[in-house]
Amino acid sequence: MLNRLFQPSSIAIIGASREPTKLGYAIVRNIINSGFKGKIFPVNKNATKILGLPCFPDVTSISGTIDLLIFSVPAPAVLSILKSAIDSKKEVKSAVIITAGFKEIGPEGARLEKEIQIICKQNNIHTIGPNCIGFIDTATPLNATFSATDKMPPNGQIVFFSQSGALSMAILDWAIQEKIGLSKLISLGNKIDIDEVSLLEYLANDKSVRVILGYLEGIDNGRGFMQVASWVSRFKPIIMVKGGASASGARAASSHTGSLAGKDISYKSAFTQSGVIRAETITELFDIARAFVSYPPYSKNSLKGPRIAIVTNSGGPAVLATDCIEKSSCSGKLKMAFFTETTLNTLRSNFPAGANIYNPVDVIADANYERYKLAINEVHNDKNVDGILVIYTPVSKEQPEYIARATVEVYQKGEKPILACFMGGEIASHGIKIIKQAGIPDYPSPERAVSAFESMFQHYQWQNIPLKRDKESKGTKSPPMLHPGTLCSTLLTSGKNPTTDEVLKILNNYNINIPDFRLAQSLEDSIDYAEEIGYPVVLKVVSPEVSHKTDFGAVKLNIHTPAELNKAFREIMDSVSRYAHQSTIKGLIVQKMITGGKEVIIGVSRDNQFGHLIMFGLGGIYVEVLKDVSFRLAPLKPSDVDAMLHEIKAYPLLKGIRGEEPSDVQSIKETILKVSQLVTDFPGIAELDINPYKVFPKGGIAIDARINIH
């Protein structure tokens, strides 16, 4: 689809310049110096030659077809030139619009950008930009950017794409200095055509790409991104840095769920559910990439388990590495390997008394080539070891080289991943050079090496989740398909927020357990209904304007007698008249009082990019204080719900502690899946809270709930 963009046979640079300070000059220079073998057509009506190339006054003067148009002219000129190229039958296949001044400057720029987008779509012209720096393809080779350097990064198997042009420039300069091999570097700009979704689709089949890296600030097609990323990440790791993750970017909302679910939570959930590894920094992004380039998924020496062995000549760094492994946060977590007796006996019989034969293996400071080689080889051969971290701190000038050689010799067996951490400066550099030349990733600190292992194991776990069918954990099954029925359709498509009694009816229609209740219009009705339901009861006002009833004194609990109900009724009406006197009172709910059980919350908020975001956590009035919650995007699979439950810190409370009977976790799982189906059936639901949902040793029940319609 994008081959004629990244491997064009002819390029026209609109706005090429003779002035070294102009972007049009840098673009032509970079294309020439990159070694591009195709035809190059600079376009400038005021020049005859640019950098030795014949110059053309306009695009129509170029004979033959043009695979790629690169624009570096003022924004108002782009549309007319593009139309001219199309009308003159140049068979343009792709375009890069470097030019800024479109939707980022306001409505007029947005209008112009939309016109260009329509023209490109109508003529099947795949376009990067506008407002971008262009792209680099080291395999073609082609540098179609205006970068300050005309050097190319080393050819490699990493793609980096970015919504920030300035960051792309910095990464390019850094990759050249650090000799990091890139297949492509792509600046997306305003994304009028090529975005992260279409790019992932193309990169999935690009044989020059092994690892996909990206910097994102926003995703326009959230669902499309998840669908494509879920497929591509199975065989090519996708690692992303997300900008705009601070709390100041979070959306405020009236419900518990909305106030807890900032935009960053949606991206975190989307990445988790589509196998995307999230890096917190650009440094971490490339740390992880190096590991995957050396040990690609499905290869013989990829990481296939969480058990890590450490070989070191220094106790301190090994302790730090051990701490990082024990604190590992990914699902399933890394852990320290326990060696077999065969390994321990071999190490014991060959090591001096001061050495440690257990994990981490400390060969002590005076270790020679033979001792290091023996240690690395033995743990490599141990069936209880999945990955090895070799740590070295400088002792003598000669030592780094022979320890590096010992590491490389074991690495060349190619059966298990080895990461290195040669710490230090000039002395350590002699070993680092040997390590890197062999293809072993080296990290300046043990923490960074462990983080890379963690990402490798996270991806291994993702690969082992079946793509077509979600493996259901024992006792966890999706609820049967439910039919919304006339009641739900009427209440949830009216454009009005349903009242509490209506919300309870909706939940009941989806087979979510609710307490017995009646809607009363008077004190007399309330007393009659309480007798029918049976004391104790709860009394709460029903009003479209009163959401959090506790805040207004509009709910009374644990009412045991008609006299108590009489008093509660009058107190509620008095409180509402004082604090919410303009509210419309539909009536009062008389509801069976449910005591005991543990309180959890199940909630939903709607994200503009990704759809419904479902929350689970500790319930009751303290949810926003404790914030012990987890999120996933609907529709949910049973495995998603399992992960949500295990992520909250309070999960052990549900399983029962200190002799307590365990709660019926299965009822929570089924209720969450039913809520997922409810909001999938009715996309107009903006927010939903079931708070609290009380769970017992057998069964659970939704005590209170609210729904906001978009």
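The values are calculated or read from the model by the stated rules, or taken from the named source; none is laboratory data. Since the model is a prediction, treat every value here as computed from it, not as a measurement. Using ideal geometry, Cβ is built from the backbone for each residue, glycine included, and neighbour counts are taken over all protein chains shown.
Just a few scattered comments:
- Members of the range 401-428 that are farther than 21 Å from Ala321 by Cα and of a type in the set (S, T, N, Q): Gln412
- Residues in the range 235-269 that are modelled with pLDDT under 70 and closer than 26 Å to Phe161 by Cα were compared, and the one that is surrounded by the most Cβ atoms within 10 Å (Cβ to Cβ) is Gly262.
Residue-wise test of (1) under 30 Å from Ile572 (Cα atoms); (2) modelled with pLDDT of 90 or more; (3) not in a loop (DSSP other than H, G, I, E, B).
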| site | (1), (2), (3) |
| --- | --- |
| Gln437 | no, yes, yes |
| Ile440 | no, yes, no |
| Ala449 | no, yes, yes |
| Leu467 | no, no, no |
| Gly475 | no, no, no |
| Pro479 | no, no, no |
| Leu491 | yes, no, yes |
| Leu507 | yes, yes, yes |
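- Being among the basic types (Lys, Arg) and on the phi > 0 side of the Ramachandran plot is a description that does not apply to Lys184.
- None of Pro662, Pro652 is in the same structural domain as Leu688 (by TED's automatic domain parsing), surrounded by fewer than 19 Cβ atoms within 10 Å (Cβ to Cβ) and either small (Gly, Ala, Ser) or out of contact with any helix residue (DSSP H, G or I) (no Cβ under 7 Å at 6 or more places or on another chain) (or both) except Pro652.
- The lone exception for Ile388 - which of (1) among the hydrophobic types (A, V, I, L, M, F, W, C); (2) more than 18 Å from Lys300 (Cα to Cα); (3) not in a helix (DSSP H, G or I) it fails: (2)
- When the range 552-568 is filtered for residues that are charged (D, E, K, R) and within 18 Å of Asp501 (Cβ to Cβ), only Lys556 remains.
Listed here are the residues, each with its yes/no results for (1) charged (D, E, K, R); (2) in a loop (DSSP other than H, G, I, E, B); (3) assigned by TED's automatic domain parsing to the domain that holds Glu19; (4) surrounded by 14 or more Cβ atoms within 10 Å (Cβ to Cβ).
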{"residue": "Gly109", "(1), (2), (3), (4)": "no, no, yes, yes"}
{"residue": "Lys121", "(1), (2), (3), (4)": "yes, no, yes, no"}
{"residue": "Thr127", "(1), (2), (3), (4)": "no, no, yes, yes"}
{"residue": "Thr140", "(1), (2), (3), (4)": "no, yes, yes, yes"}
{"residue": "Asn143", "(1), (2), (3), (4)": "no, no, yes, yes"}
{"residue": "Thr149", "(1), (2), (3), (4)": "no, yes, yes, yes"}
{"residue": "Gly156", "(1), (2), (3), (4)": "no, no, yes, yes"}
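- Exclusive hit being over 22 Å from Val395 (Cα atoms) and surrounded by fewer than 22 Cβ atoms within 10 Å (Cβ to Cβ), set Glu370, Glu341: Glu341
- Residues (under 16 Å from Ser94 (Cβ atoms) and either of a type in the set (Val, Ile, Thr) or under 28 Å from the mean Cα position of the chain (by Cα) (or both)) located in the range 134-159: Gly134, Phe135, Ile136, Asp137, Thr140, Thr145
- Condition met for Val695 (hydrophobic (A, V, I, L, M, F, W, C) and touching an Asp or Glu at 6+ places or on another chain (Cβ under 8 Å)): yes
- Residue ID - farthest from Tyr298 (Cα to Cα), chosen from residues in the range 228-245 that are of a type outside the set (A, V, I, L, M) and touching a residue at least 40 places away in the same chain (Cβ under 8 Å): Gly243
- Top-ranked residue of the range 129-138 - restricted to ones that are touching a strand residue (DSSP E or B) at 6+ places or on another chain (Cβ under 6 Å) and part of a loop (DSSP other than H, G, I, E, B), ranked as surrounded by the fewest Cβ atoms within 10 Å (Cβ to Cβ): Thr138
- Inter-residue pairs, beta-carbon under 6 Å, first more than 18 Å from Gly214 (Cβ to Cβ) and in the range 167-178, second not basic (Lys, Arg), 6+ apart: Ile176/Pro153
- Hey, Leu185 part of a strand (DSSP E or B) and either charged (D, E, K, R) or touching a residue at least 24 places away in the same chain (Cβ under 8 Å) (or both) or not: yes
- Residues considered: Ile364, Ile434. Of these, the only one that is more than 34 Å from the chain's Cα centre (by Cα) and at positive phi is Ile364.
- Residue match in the range 347-367 (condition: free of Cβ contacts under 8 Å to residues at least 40 places away in the same chain, of a type outside the set (Phe, Trp, Tyr) and surrounded by 22 or more Cβ atoms within 10 Å (Cβ to Cβ)): no
- Tally of residues being modelled with pLDDT of 95 or more and either closer than 12 Å to Ala406 by Cβ or assigned to a loop (DSSP other than H, G, I, E, B) (or both) across the range 338-359: 3
- The one condition in (1) assigned to a loop (DSSP other than H, G, I, E, B); (2) closer than 16 Å to Glu91 by Cα; (3) among the β-branched types (Val, Ile, Thr) that Thr21 fails to fulfil: (2)
- Single unsatisfied condition, Pro394 versus (1) of a type outside the set (Ser, Thr, Tyr); (2) outside any helix (DSSP H, G or I); (3) surrounded by fewer than 18 Cβ atoms within 10 Å (Cβ to Cβ): (3)
- Note on the range 528-538: residues that are under 14 Å from Ala563 (Cβ atoms) and in contact with a Leu (Cβ under 6 Å, 6 or more places away or on another chain) amount to 1.
- If you filter the range 680-710 down to residues that are touching a Gly at 6+ places or on another chain (Cβ under 7 Å) and not in a strand (DSSP E or B), you find that the one that is farthest from His612 (Cα to Cα) is Phe696.
- Options Thr272, Thr312, Thr283: the member that is of a type in the set (Val, Ile, Thr), closer than 18 Å to Lys436 by Cα and either modelled with pLDDT under 95 or not assigned by TED's automatic domain parsing to the domain that holds Lys416 (or both): Thr283
- Any hit, the range 672-691, residues being more than 29 Å from the chain's Cα centre (by Cα), outside the structural domain of Lys556 (by TED's automatic domain parsing), under 24 Å from Val537 (Cα atoms) and touching a residue at least 12 places away in the same chain (Cβ under 8 Å): no
- For the range 392-421, filtered to residues that are among the hydroxyl-bearing types (Ser, Thr, Tyr) and touching a Phe, Trp or Tyr at 6+ places or on another chain (Cβ under 9 Å), the residue that is farthest from Lys300 (Cα to Cα) is Thr393.
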